[in-house]
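Structure first, commentary second.
The values are calculated or read from the model by the stated rules, or taken from the named source; none is laboratory data. Because the structure is predicted, anything quoted here is derived from the model rather than measured. Note: ideal-geometry Cβ built from the backbone for every residue, glycine included; neighbour counts use all protein chains shown.
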Amino acid sequence: MNIASQHDSITFPHGFLDFLRISQARRTSIGGRELQAAGLERFNLALRELSPDAPRMTLDQMATACERALARHADGGTPPFVASRMAALERLEGMAADQAWAACDEVRRQIAVVQGYRNDGDDLIPDDEPVIGLLDDAVLIDVALQLLRGELADYEDFCRFRRVAAEFAGLTEADTGLTRAHWLEAMLQAHNSLDRVHAKPRERYVPDPRASLFHIT
């Protein structure tokens, strides 16, 4: 399945603006539970720590998004948006922890911002809420994915490079001793090869950068 079709199945009909729409009711509660201003402030602070350009969200915007998700998943299932972003967080954490990749301090900082909010017991939406408990966490992960899409795509290439080398040599991936520098050297050699002229574009793990943020169902 291509990236575009994946996004078509997990977005609001109008993407980012649909998410930001403020309801006429000015909602501040979900499922009978009142959203707290302090939790929203922690959420917005994490957004700003990820990117100073991130929009400041309101209780109404978050409550409206939650109500939409609840309406679409009355069976209590986890929204695809949430499931995919939580899986992506594991990959981001793996990237940050991989010493062979040696992510820079800024990349580690951005991932730590998401982890810090994820582990906050007093975040905006209680994690034990059915359907929407991880919705706020997933939104932050989505922002991090957009910011780190190039880094994560390169890391995925590095992992494939290391895996193929390990299989060829009959070693574990750790025992290959391959690092980011080795991958960069191999990429440079491939780029300079005439055989690369007609090569297909590399596959990317992260969402198409043209896709808007906060795609939630």
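Condition first: buried (at least 19 other Cβ atoms within 10 Å of the Cβ) and under 13 Å from ALA83 (Cα atoms). Now tell me which residues in the range 112-153 satisfy that.
Matches in the range 112-153: VAL131, ILE132, LEU134, LEU135, ASP136, ASP137, ALA138, VAL139, ILE141, ASP142.
Kindly evaluate LEU178 against the criterion of being in contact with a helix residue (DSSP H, G or I) (Cβ under 6 Å, 6 or more places away or on another chain), over 30 Å from ILE125 (Cβ atoms) and either surrounded by 11 or more Cβ atoms within 10 Å (Cβ to Cβ) or modelled with pLDDT under 75 (or both).
Yes, satisfied.
Please count how many residues of the range 121-141 are among the acidic types (Asp, Glu), without any contact (Cβ under 8 Å) to a residue 60 or more places away in the chain and assigned to a loop (DSSP other than H, G, I, E, B).
2
From the list ALA144, ALA153, pick out the single residue that is under 26 Å from GLU185 (Cα atoms), modelled with pLDDT under 95 and in a helix (DSSP H, G or I).
That would be ALA153, the only listed residue that is under 26 Å from GLU185 (Cα atoms), modelled with pLDDT under 95 and in a helix (DSSP H, G or I).
Just one of the numbered conditions (1) modelled with pLDDT under 90; (2) surrounded by 15 or more Cβ atoms within 10 Å (Cβ to Cβ) is not true of GLY31; which one?
(2)
Out of curiosity, is ALA65 part of a helix (DSSP H, G or I) and at pLDDT 50 or above?
Yes; evaluated as a whole, the condition is true for this residue.
Conditions first: (1) closer than 22 Å to GLY39 by Cα; (2) surrounded by 20 or more Cβ atoms within 10 Å (Cβ to Cβ); (3) in contact with an Asp or Glu (Cβ under 9 Å, 6 or more places away or on another chain). ARG109 passes all but one, so which condition is the exception?
Failed condition: (2).
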